[in-house]
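The values are calculated or read from the model by the stated rules, or taken from the named source; none is laboratory data. Being a predicted model, the structure only gives us computed values, none of them experimental. With ideal geometry, Cβ positions are generated from the backbone for all residues, glycine too; neighbour counts draw on all protein chains shown. All accessible areas refer to the heavy atoms of the entire protein, side chains included, with ligands and DNA or RNA removed. Shrake-Rupley method; radii C 1.70, N 1.55, O 1.52, S 1.80 Å.
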Amino acid sequence: MESFIIEGGHPLKGTITPQGAKNEALQVICTTILTDEPVRITNVPDILDVNNLIKLLQEIGVKVTKHSRHDYTFQSDELKLDYLDSLEFVKKCSSLRGSVLMIGPLLGRCGKATIAQPGGDKIGRRRLDTHFLGFKYLGANFVHDDERNVYQIQAKKLKGCYMLLDEASVTGTANIIMASVLAKGTTTIYNAACEPYIQQLCHLLNAMGAQISGIASNLLTIVGVDKLHGAEHRILPDMIEVGSFIGMAAMCGEGVRIKNVSVKDLGIIPDAFRRLGVKISIEDDDLVIPEQKHYVIDSFIDGTIMTLADAPWPGLTPDLLSVLLVVATQARGSVLFHQKMFESRLFFVDKLIDMGAQIILCDPHRAVVVGHDHKIKLRAGRMTSPDIRAGIALLIAAMSANGTSRIANIAQIDRGYEDIEHRLNALGAKITRVSD
């Protein structure tokens, strides 16, 4: 186990470039299972979750060529299907949330898949019903093996159909798309997730020979094809990391430029920070966040308290509520955060309260933040990262606090952020990685 030691109070200044998008990487890397030809993917983030998925694919026979740190070619021409049912494979899947994205391509190409209940963040229940209902619509049968806690899914040949998803699940939509591209006939997915990463997945599949229309909408039409071929693809910048850097610059910055963010794919993320009073300017494809001596939370037109809530795209991503909440602790004014999608993601605010933040945790889904307006600095403390996004939020809090803080279980942060301490130290932070 490793921890971060953070010496707070050091301002950030300079330029930083976001990594490739974690969530997109997990999807498009799994897509390579669908063809026996090489697929080259660039801007792959060098983070724990992605690296573990790549290792898992190698275990099932995918040939991986690493051209450079962020540039890979994958070729799935000799898959080890027997290994997919082994206890070793099941154990590895259980510790990696991204492993669930292997089901769709394995089912679509090989007609069967065995997958464990995936692991990942400790943010509450994340059901897989949408995935399985989609596979069932396509004609698959699945059985839960209680003894090993694995799902066995089989289908001789998937058949296209119309389906209305019960929720706009991102991973569920991605899995169903990957299963559908080789199915017989036409598949129509209504209430599909339409995040930029889903759009990227569809663009890659089309480059591989798939026939997907309706991209960027919640109504996708997929005409099945017999075979997919190789292609090349570049992963988008990680919008969650971009948002994290906006939060850091607002709390601790003396002028920070975030380079090459793909502004058109950020949706309402910049506006969510602007609602907290954070000044952001756009220069070409960069975001510039000047020093924020004061930032004042907006109120609604009728004068009522501002509420920020997560929602499916193009709404506000739930992955940034933790960062926005921390930023609000030093704003002028009050704001209600409503985390609708995960029941445990706000529990980390207890640590912020210990650091001196004025927060009322109403219930597992809602918290009211009363900003200090920089009149009261957060206090340093000892913390543990419960998940990726709470971990980065606690890191931002520690960077802005008076004194030296310690954050344990930083493997959670490493799952989603590449070389984060080195990149932030280059801006002026004082963060040291230590072994516990």
Report summary line: Residue set Asp271, Asp373; condition modelled with pLDDT under 95 and outside any strand (DSSP E or B); output residue Asp373
Query raised in the report: Just checking, how many residues over the stretch 321-367 are assigned to a helix (DSSP H, G or I) and crowded, with 22+ Cβ neighbours inside 10 Å?
Result: 11
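Would you call Leu57 surrounded by 15 or more Cβ atoms within 10 Å (Cβ to Cβ) and either assigned to a helix (DSSP H, G or I) or at pLDDT below 80 (or both)?
Values: surrounded by 15 or more Cβ atoms within 10 Å (Cβ to Cβ): yes; either assigned to a helix (DSSP H, G or I) or at pLDDT below 80 (or both): yes.
Taking the combined requirement at face value, the residue satisfies it.
Rundown of residues vs (1) closer than 26 Å to Ser334 by Cβ; (2) of a type in the set (Gly, Ala, Ser); (3) in a loop (DSSP other than H, G, I, E, B), yes/no style:
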| site | (1), (2), (3) |
| --- | --- |
| Glu241 | no, no, no |
| Met248 | yes, no, no |
| Val261 | no, no, yes |
| His294 | yes, no, yes |
| Phe300 | yes, no, yes |
Query - the stretch 201-245: number of residues that are farther than 30 Å from Val327 by Cα and open to solvent by less than 30 Å² (accessible area, probe 1.4 Å) - result: 16
Query raised in the report: Which residues, counting only those in the stretch 145-171, are modelled with pLDDT of 95 or more and assigned to a strand (DSSP E or B)?
Result: Lys159, Tyr162, Met163, Leu164
Requested in this report: Could you list, in sequence order, all residues of the stretch 254-274 that are over 19 Å from the mean Cα position of the chain (by Cα) and open to solvent by 10 Å² or more (accessible area, probe 1.4 Å)?
Outcome: Glu254, Gly255, Arg257, Lys259, Asp271, Arg274
Report summary line: Among Asp387, Asp373, the single one that is open to solvent by less than 50 Å² (accessible area, probe 1.4 Å), touching a residue at least 24 places away in the same chain (Cβ under 8 Å) and at positive phi is Asp373
Requested in this report: Go over the candidates Arg382, Arg433, Arg415 one by one and state the one that is among the charged types (D, E, K, R), open to solvent by 10 Å² or more (accessible area, probe 1.4 Å) and touching a Phe, Trp or Tyr at 6+ places or on another chain (Cβ under 7 Å).
Outcome: Arg433
Query - Contacts under 8 angstrom Cβ, first residue in the stretch 286-306 being exposed (fewer than 12 other Cβ atoms within 10 Å of the Cβ), partner of a type in the set (A, V, I, L, M), 6 or more apart - result: Phe300/Met306
Query raised in the report: Among the residues of the stretch 57-80, is there at least one that is hydrophobic (A, V, I, L, M, F, W, C) and touching a Lys or Arg at 6+ places or on another chain (Cβ under 6 Å)?
Result: yes
Requested in this report: Would you check which residues across the stretch 403-436 are part of a strand (DSSP E or B), charged (D, E, K, R) and farther than 17 Å from Leu352 by Cβ and list them?
Outcome: Arg433
Requested in this report: With respect to Leu48, determine if the residue is assigned by the TED database to the domain that holds Ile176 and either within 30 Å of Thr404 (Cβ to Cβ) or not basic (Lys, Arg) (or both).
Outcome: yes
Query - So Thr171, is it surrounded by fewer than 16 Cβ atoms within 10 Å (Cβ to Cβ), among the β-branched types (Val, Ile, Thr) and in contact (Cβ under 8 Å) with a residue 24 or more places away in the chain - result: no
Report task. Output the residue which, of all residues in the stretch 72-90 that are out of contact with any strand residue (DSSP E or B) (no Cβ under 6 Å at 6 or more places or on another chain) and touching a residue at least 40 places away in the same chain (Cβ under 8 Å), is least open to solvent (accessible area, probe 1.4 Å). Result -> Ser76
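The rows are residues; the columns are (1) modelled with pLDDT under 95; (2) part of a strand (DSSP E or B); (3) among the hydrophobic types (A, V, I, L, M, F, W, C).
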{"site": "Thr173", "(1), (2), (3)": "no, no, no"}
{"site": "Ile176", "(1), (2), (3)": "no, no, yes"}
{"site": "Ala179", "(1), (2), (3)": "no, no, yes"}
{"site": "Leu182", "(1), (2), (3)": "no, no, yes"}
{"site": "Ile189", "(1), (2), (3)": "no, yes, yes"}
{"site": "Gln200", "(1), (2), (3)": "no, no, no"}
{"site": "His203", "(1), (2), (3)": "no, no, no"}
{"site": "Asn206", "(1), (2), (3)": "no, no, no"}
Query raised in the report: With respect to Gly160, is the statement that it is at negative phi and surrounded by fewer than 24 Cβ atoms within 10 Å (Cβ to Cβ) true?
Result: yes
